[in-house]
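Engineer: Let me begin by handing over the structure; questions about it come next.
Bear in mind these aren't lab numbers, they're just calculated from the coordinates by the rules spelled out. Treat the numbers as computed from the prediction; the structure is a model and nothing was measured. A quick note on method: Cβ atoms are made from the backbone with ideal geometry, for glycine too, and the neighbour counts reach across all protein chains shown.
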Amino acid sequence: MVTASGSAPATSGSVSAVPDSASSAASAEAPQRKRVLLAAPRGYCAGVDRAVQTVERALEQYGAPVYVRKQIVHNKHVVQTLEERGAIFVEENEEVPEGAIVIFSAHGVAPEVHDQASRRSLRTIDATCPLVTKVHKEAVRFADEGYDILLIGHEGHEEVIGTTGEAPEHIKLVDGPEGVADVEVRDPSRVAWLSQTTLSVDETEQTVAKLRERFPLLIDPPSDDICYATQNRQVAVKRIAPQSDLLIVVGSANSSNSVRLVEVALEAGANSAYLVDRAEEIDPAWFEGVTTVGLTSGASVPEELVQGVLALLAERGYSDVEEVRSAQEKLLFALPHELRRNLSSS
Ligand code: SF4
């Protein structure tokens, strides 16, 4: 049901076929070639690129410090780099001096957060990904029409908190297929579902199927909520996982889409899969008996971190790198409109 968008069909890249019995016999005589299968697309999505650029542009336009509510994107390296340039990351608006500039992260915020900022006379720049904003609008519309909304997502995730804040009286969280049995609604004939943008496509389909068993009149969102970047990275990792003795996902532990890539890799047949923030976290013991290493990165990960892993792999003899591309991505988002007017004078 969920289909990828924001991308064109694959135009390049291929995965070598799994050896047949004849080639297996041949490979038994000669040592197997160590290699890397590099997934594409990987790394930055359009929403992350826009959010990081927003902080950089705000620092250029207004000078340091610029405050950012929550991690602008869920990646340690990105946050540290922006901190070095003068961004100050805070958890709540109360930590921002009155009248200062504050940027809201890519994950989106509840309307109440905008209201708090206004009460403190903060000058706000909203870096919420437009694809998250789309889900917020769907939530508002369904709530206005009197539906209860079953929001599939992970409890406590910032995106889920932000979306729920749009219609707290109407939204019930469903945290995976096992959460379906406990859901209670006011009227089973007026129920719709939405989802967090960074979930596992396969698991979400299972959750929706279970929800539909309980609520046959369940309404679908007008378009997929799991975003194009999440879907494309999962499709790409599925292509390399069956041939990977070891699959490394570069990403931070609090990055939902990165954690999902590890799960998807294991489900798709990788012998082992690990999440690392950077090359230094790779354990040499993981390479025991490994011929093919799969490599990808989450949507909030700069390419330089992947290149660092490739350099380490080359040092260990994995210098033969084959990129396996399953989609081209061309989507770009305009920077927030607040950057196009002078916040200094507002
Ligand atoms: Fe937007 Fe998807 Fe990227 Fe999240 S992962 S910032 S929803 S494009």
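Engineer: In square nanometres, what is one fourth of the surface area of the convex hull spanned by the alpha carbons of region 218-346?
Structural biologist: Details: hull surface 47.5 nm².
Over all viewing directions, region 218-346 projects a mean Cα-hull area of 11.9 nm².
Engineer: If R₀ is 56 angstrom, what is the calculated FRET efficiency for the pair D202 and Q61, using the beta carbon separation as r and rounding to 0.05? Write out the running numbers ahead of the final one.
Structural biologist: On the way: r = 43 Å, r/R0 = 0.76.
E(calc), rounded to 0.05, equals 0.85.
Engineer: While we're on this one: How high is the FRET efficiency between E84 and L332 when r is their beta carbon distance and R₀ equals 35 Å, given to the nearest 0.05?
Structural biologist: Numbers: r = 26 Å, r/R0 = 0.75.
Computed FRET efficiency for E84 and L332 comes out at 0.85.
Engineer: Step by step: find N for region 84-212, compute 2.2 N^0.38 Å, then divide the Cα radius of gyration by it. What's the final number? Mind dumping the intermediate values first?
Structural biologist: Numbers: Rg = 16.4 Å, N = 129, 2.2 N^0.38 = 13.9 Å.
Ratio of Cα Rg to 2.2 N^0.38 Å: 1.18.
Engineer: Now, a different point. Using the Kirkwood formula on the Cα atoms of region 131-197, what hydrodynamic radius do you get, in angstrom to one decimal?
Structural biologist: Details: mean 1/r = 0.0854 Å⁻¹.
When all Cα pairs of region 131-197 are included, the Kirkwood radius is 11.7 Å.
Engineer: If you don't mind, another one. How high is the relative contact order of the chain? Use alpha-carbon pairs under 8 Å, at least six apart in sequence, and give a whole percent. Write out the running numbers ahead of the final one.
Structural biologist: Values: 676 pairs, mean separation 97.6, N = 346.
Dividing the mean separation by the residue count of the chain yields 28 percent.
Engineer: If a paramagnetic tag sat 7 Å from the Cα of V183 along the Cα-Cβ line, which residues of region 210-251 would have the backbone N under 12 Å from that point?
Structural biologist: It comes to 210-221, nothing else.
Engineer: Taking every pair of Cα atoms in region 110-169, average 1/r, invert it to obtain the Kirkwood radius, and report Rg/Rh to two decimals.
Structural biologist: Numbers: Rg = 12.3 Å, Rh = 12.4 Å.
Radius of gyration relative to Kirkwood radius: 0.99.
Engineer: Given the options P222, P188, P242, which has the most mean-square fluctuation in a GNM of the chain, springs set between C-alpha atoms less than 10 angstrom apart?
Structural biologist: Largest GNM mean-square fluctuation: P222.
Engineer: Just need the Rg to Rh number for region 163-223, please, alpha carbons only, Kirkwood Rh.
Structural biologist: Working: Rg = 11.1 Å, Rh = 12.1 Å.
Ratio value, two decimals: 0.92.
Engineer: Pop the C-beta distance of E323 and K134 into the FRET formula with R0 = 25 Å and round what comes out to the nearest 0.05. Mind showing how you got there, number by number?
Structural biologist: Numbers: r = 31 Å, r/R0 = 1.22.
Working from the Cβ atoms, E equals 0.25.
Engineer: Nearest 10 degrees, 0 to 90: what angle lies between the long axis of helix 46-62 and the longest principal axis of the chain (Cα atoms)?
Structural biologist: 60 degrees
Engineer: What is the Å³ per residue value for the convex hull set by the Cα atoms of the chain? Don't skip to the end; give the middle numbers.
Structural biologist: Numbers: hull volume 51.7 nm³, N = 346.
It comes to 149 Å³ per residue, whole-number rounded.
Engineer: Using Cα pairs closer than 8 Å and at least 6 residues apart in sequence, work out the relative contact order for region 145-229, in percent. Mind showing how you got there, number by number?
Structural biologist: Numbers: 120 pairs, mean separation 29.0, N = 85.
The normalised contact order for region 145-229 reaches 34 percent.
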